[in-house]
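Values in this text are rule-based calculations from the coordinates and carry no lab data. All of these numbers come straight from a predicted model, not from anything done at the bench. Positions of Cβ are generated from backbone atoms using ideal geometry, with glycine treated the same way; all protein chains shown enter the neighbour counts.
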Amino acid sequence: MASATDSIKEQMKELLIPYKGERGALIPILQKTQEKLGYLPEEAVEEIAKFLHISRNQIFGVMTFYAQFRLHPTGKNVVRVCRGTACHVKGGHRILLEVEKRLGVKEGQTTPDLNYTLETVACIGACALAPTMVINEETHGEMTMKKVEELFGDASKGDHHA
C-alpha cells in the first residue's frame, strides 16, 4: 500500500512536468499544488525545492509572504467571522469567541476532524447585517449566541448542525 508521502510525490511529478526549465515558476507551481492538494504539505515543498533547485527556506519565505498559501489542510467548511467596524460595534468579538468555543479551535485553526477551519476577515461587505460571518459561500447576518448554537451545536464534540 502506498504511503501518503509516495502519493504526494507522484502527484507532484505530474504537476511539475509543464514547468520544466521555467525559471521564476515558483508562485504558479505553489498555486497549482495548493489547488490540487488543498494546501502545501512539507513533502510537496521538498519536491518543488528539488525541481527548482532552490532551498525549502526560500520556498517557505514566499509561502509565508503571500496570504493565499496555506501550510495546513483546511476544513471542509471554512467559517469566516467579520471583524469590521460595524460587526465589532455590534458584538462581533463575542460571536468569534462563541464560534471558537463551539468548534473547539481558535482563529486560524482547523478542527481535528477537518470539518471546520475558522478565520477572521477585515470586512465581508454586509455591514447592514452586522455582526456577520460567512460559512463557505453563505452569509449569516445579525448573528447572536443562539444563532451560533443553532449553526454549530457543540461541534467540538462531534455535534454538527451546519
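Are any of the pairs K101/K147; K50/K76; K13/K50; K13/K76; K32/K106 more than 19 Å apart by Cα-Cα distance, and if so, which?
Details: K101/K147 14 Å; K50/K76 31 Å; K13/K50 11 Å; K13/K76 26 Å; K32/K106 28 Å.
Over 19 Å Cα-Cα: K50/K76; K13/K76; K32/K106.
Each Lys and Arg adds +1 at its Cβ and each Asp and Glu adds -1 at its Cβ; summed about the Cα centre, segment 18-162 shows a dipole of about 320 debye.
Efficiency by 1/(1 + (r/R0)^6): what FRET value for K147 and L114, r their Cβ-Cβ distance, R0 = 35 Å, to the nearest 0.05?
On the way: r = 24 Å, r/R0 = 0.68.
Here the calculated transfer efficiency is 0.90.
Positive-end ranking of V78, Q31, I59 along the dipole of segment 16-81, with charges on Cβ about the Cα centre, is headed by V78.
Between K32 and R56, full extension at 0.36 nm per residue minus the direct alpha carbon distance yields a gain of 6.9 nm.
In deg cm²/dmol, rounded to 500, what helix-only [θ] at 222 nm does the chain give when every DSSP H run of at least 4 residues adds -39500 (n - 2.57) and the total is split over its residues? Present the calculation step by step, with values, prior to reporting the outcome.
On the way: 7 runs with 71 residues, N = 162.
After summing the helix terms and dividing by residue count, I get -13000 deg cm²/dmol.
Distant-in-sequence amide contacts of D154, defined by a placed amide H-H separation under 5 Å and a gap of 5 or more residues or a different chain, comprise D159.
Scalar couplings 3J(HN,Hα) for segment 66-80, obtained by applying the Karplus form with A = 6.51, B = -1.76, C = 1.60 to θ = phi - 60°, are 9, 5, 5, 8, 10, 8, 10, x, 9, x, 4, 10, 9, 9, 10 Hz; x denotes Gly and Pro. Using only the alpha-carbon atoms, how far is helix 26-37 inclined from the longest principal axis of the chain? Give it as 0 to 90 degrees, nearest 10. Here the helix axis deviates by roughly 60 degrees. Between K76 and Q11, the simple spin-label model (points 7 angstrom out along Cα→Cβ) gives 1.7 nm.
Taking Cα atoms only, the orientation of helix 42-52 departs from the longest principal axis of the chain by about 40 degrees.
When the square roots of the Cα gyration tensor eigenvalues are ordered a ≥ b ≥ c, the ratio a/c for the chain is 1.5 or more and a/b exceeds b/c, which makes its shape prolate.
Spin-label model, A128/A4: points 7 Å from Cα along the beta carbon direction are separated by 4.5 nm.
Around the Cα centre of segment 77-157, unit charges on the Cβ atoms of Lys, Arg, Asp and Glu (plus for the first two, minus for the last two) sum to a dipole of about 260 debye.
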